[in-house]
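Have a look at the structure below, then the notes.
The values are calculated or read from the model by the stated rules, or taken from the named source; none is laboratory data. On a predicted model such as this, the values are computed, not experimentally measured, just so you know. So basically every Cβ, Gly included, is an ideal-geometry build from the backbone, and we count neighbours across all protein chains shown. Please note that ligands, DNA and RNA were not included when accessible areas were found on the heavy atoms of the full protein model with its side chains. Shrake-Rupley method; radii C 1.70, N 1.55, O 1.52, S 1.80 Å.
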Amino acid sequence: MSIQIPRGTQDILPGQVEIWQYIENKARDISRRYQYSEIRTPLFEHTELFLRGVGDTTDIVQKEMYTFQDRGGRDLTLRPEGTAGVVRSYVENKMFGLPNQPVKLFYISQMFRYERPQAGRYRQFVQFGVEALGSSDPAMDAEVISLAMNLYKEMGLKSIKLVINSLGDKESRLSHREALIDHFSPRIGEFCSDCQSRLEKNPMRILDCKKDRDHELMKTAPSILEYLNDESAAYFEKLKKYLTDIGVEYTVDSGLVRGLDYYNHTAFEIMSEAEGFGAITTLCGGGRYNGLVEDLGGPETPGIGFGMSIERLISALAAENVELPISRSLDCYFVALGEEAKDYTVKLVQSLRDAGFSADRDYQDRKVKAQFKAADRLNSTFVAVLGDDELKENKISVKNMETGEQTAVGLDTFVQEFKRLQE
Ligand code: HAM
């Protein structure tokens with residue numbers, strides 16, 4: 001049997017890859033406008049980083065990591081998300097000492113999670129993510145959220161919805177935690193074993209449980225927003241004001257808890273509301289993670305960021321029938337009639353490529369008609385036809401496929417004359 005692609009992964013073939021490149025370029029461009037610089041960290045890290053960074057009660061750490069030992073016996077994990085690695089690098093490279101603060105970074109990177117594959121959920125996927133480290137101004141939160149929202153809007157998506165919540169600071173979370181324990185304890189036996197072990201370790205995780213999400217206690221669980229202390233409530237109010245000021249619409253959902261442990265204050269998700277967009281509607285998730293830098297050995301540093309899957313963005317574009325302005329272009333295709341002419345096009349095609357044009361010729365010894373067909377399929381702007389007769393006259397015939405105009409061009413001055421035909 002022939003070997004097949006691993007479950008939950010995909011090949012991105014020519015024809016699709018142009019869509020990826022278009023999105024990546026858009027993401028780079030918007031990052032530049034918002035002044036975020038690219039960072040590239042390793043695909044694998046010490047497993048310990050994710051245990052400490054993502055949190056050992058999360059699904060990601062408990063069930064979804066690709067963990068292995070290398071030949072030296074080191075415990076390593078393919079990164080399931082980008083934040084932990086970026087923060088590790090921030091600490092290791094002492095970026096907190098850089099003159100320009102906050103440090104604003106972005107990445108477009110493969111992530112790996114051993115999840116049950118379905119539409120929109122893969123075992124290898126690509127996140128465009130940003131991390132802003134060193135500011136606890138709620139305007140920073142508004143900037144990060146608006147960057148994500150603007151990318152979707154500039155791509156042409158219309159049916160998207162931003163949901164925000166505040167998870168508060170440590171003090172607020174502690175009092176919410178007590179309330180959750182009081183709420184769930186009497187009937188914790190009705191919940192799954194994961195939730196039972198979460199009760200003491202991290203009761204907020206229960207709210208994110210996929211198995212027990214319809215249990216009646218879920219609907220009546222105490223809301224974090226009622227437990228925010230004054231400072232946290234004021235922070236959240238400021239964020240909402242800034243979002244309104246810059247015209248970013250949002251909905252508050254006190255049930256939004258996110259699947260990673262490092263969040264506090266702002267948490268947000270962006271969903272697709274397009275009809276026919278599968279069961280998984282979350283396009284982007286992010287939030288504030290004050291405290292993570294310290295947990296990973298750095299100085300006290302606030303941070304906020306998001307991650308969005310490119311795969312899901314592409315699905316959302318398809319669901320909304322957005323046509324991207326992508327054209328595969330070929331400047332010139334050479335059609336040769338006769339042996340000598342065929343040999344000569346080897347030089348010609350090279351001369352155009354050297355001059356910066358895209359050019360191609362036949363490599364399959366095809367008949368003239370088939371060569372014209374190939375030029376057509378490749379959507380070539382010009383087709384240059386060289387026969388042995390033309391060769392004798394030191395000329396080549398160049399046809400503009402859009403206008404139908406045909407020009408006889410001297411072989412010795414071919415590149416200069418081809419350039420002139422572009423004008
Ligand atoms: P996350 O919510 O785990 O957060 O993932 C963020 C996004 O990654 C999701 O909204 C989704 O678009 C995409 N994603 C996650 N799992 C999959 C999957 N199996 N297949 C396809 N796409 C997936 C994080 O990863 C945080 N690091 C985000 C963040 C950055 N928070 C602060 N800074």
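Worth pointing out:
- Screening region 113-228 for helices (runs of 4 or more DSSP H) wholly inside it with 1 or more residues that are touching a residue at least 12 places away in the same chain (Cβ under 8 Å) and closer than 30 Å to Leu317 by Cβ returns the ranges 138-155.
- Strands (runs of 3 or more DSSP E) contained in region 296-377 and holding at least 2 residues surrounded by 14 or more Cβ atoms within 10 Å (Cβ to Cβ) and out of contact with any Cys (no Cβ under 9 Å at 6 or more places or on another chain): 303-309, 330-337
- Residue tally, condition within 12 Å of the ligand (Cβ to nearest atom) and β-branched (Val, Ile, Thr), over region 83-107: 3
- Any strands (runs of 3 or more DSSP E) falling wholly within region 1-83 and containing at least 2 residues that are of a type in the set (A, V, I, L, M, F, W, C): 75-78
The rows are residues; the columns are (1) under 25 Å from Ile310 (Cα atoms); (2) open to solvent by 30 Å² or more (accessible area, probe 1.4 Å); (3) in contact with a Gly (Cβ under 6 Å, 6 or more places away or on another chain); (4) not assigned by TED's automatic domain parsing to the domain that holds Gly85.
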position: Gln196; (1), (2), (3), (4): no, yes, no, yes
position: Met204; (1), (2), (3), (4): no, no, no, yes
position: Ser223; (1), (2), (3), (4): no, no, no, yes
position: Glu237; (1), (2), (3), (4): no, yes, no, no
position: Lys241; (1), (2), (3), (4): no, yes, no, no
position: Phe277; (1), (2), (3), (4): yes, no, no, no
position: Thr282; (1), (2), (3), (4): yes, yes, no, no
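- Yes/no for Glu48 being open to solvent by 40 Å² or more (accessible area, probe 1.4 Å), closer than 28 Å to Cys209 by Cα and of a type outside the set (Phe, Trp, Tyr): yes
- Residue in region 87-107 that is of a type in the set (Asp, Glu), assigned to a loop (DSSP other than H, G, I, E, B) and out of contact with any Ser or Thr (no Cβ under 8 Å at 6 or more places or on another chain) present: no
- In region 125-145, residue nearest to Ser89 (Cα to Cα) [restricted to those that are more than 13 Å from the ligand (Cβ to nearest atom) and open to solvent by 10 Å² or more (accessible area, probe 1.4 Å)]: Gly134
- Members of region 84-113 found to be among the β-branched types (Val, Ile, Thr) and touching an Asp or Glu at 6+ places or on another chain (Cβ under 6 Å), listed by number: Val86, Ile108
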